[in-house]
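All remarks here apply to the structure that follows.
The values are calculated or read from the model by the stated rules, or taken from the named source; none is laboratory data. Since the model is a prediction, treat every value here as computed from it, not as a measurement. Here the Cβ positions follow ideal geometry from the backbone for every residue, glycine too, while neighbour counts run over all protein chains shown. Please note that ligands, DNA and RNA were not included when accessible areas were found on the heavy atoms of the full protein model with its side chains. Shrake-Rupley method; radii C 1.70, N 1.55, O 1.52, S 1.80 Å.
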Amino acid sequence: QVQLVESGGGLVQPGGSLRLSCAPSEDIGYIVSMGWYRQAPGKQRELVAIISDSSTTNYADSVKGRFTISRDNAKGRVYLQMNSLKPEDTAVYYCSARARRAGGLYYQNYWGQGTQVTVSS
């Protein structure tokens, strides 16, 4: 089963930075969009940032000006640079991708297993 593989999570102090990275475990075809979601304990999963195949980006209001999403189309990889981290950013961060395989008719959504980000002193 195809998975998105995330890396870069960990423990960081408030005000610190982390960079998350994600890539498919195998070729999933044409990737129209990639994004990052997060889920804190007791809360619903929420969109953090998303980037299209034309590099159009969209961010949650809570992370605007602090987080930057980018992608490497050649490698099918997406990144999330997180600066000025706050304790309320603590959550499991999930990578997502929407893609269509060569010759396929439909787009499919793919998810990673999540990486923990903890912001604490």
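Working only within region 1-12, note down all residues that are β-branched (Val, Ile, Thr) and either open to solvent by 60 Å² or more (accessible area, probe 1.4 Å) or within 20 Å of Ala99 (Cα to Cα) (or both).
Within region 1-12, Val2, Val5 meet the criteria.
Determine whether region 103-114 contains at least one residue that is part of a strand (DSSP E or B) and within 27 Å of Pro14 (Cα to Cα).
yes
The criterion of at least 1 residues that are in contact with a Gly (Cβ under 6 Å, 6 or more places away or on another chain), at pLDDT 95 or above and open to solvent by 70 Å² or more (accessible area, probe 1.4 Å) is met by the following strands (runs of 3 or more DSSP E) wholly inside region 13-88: 18-24. Beta carbons closer than 6 Å, at least 6 apart along the sequence or on distinct chains, pair a first residue in region 90-119 that is open to solvent by 20 Å² or more (accessible area, probe 1.4 Å) with a second that is in a strand (DSSP E or B) and of a type in the set (S, T, N, Q) for Thr90/Thr118; Val92/Gln39; Val92/Gln116; Arg98/Ser33; Arg98/Asn109; Trp111/Ser96.
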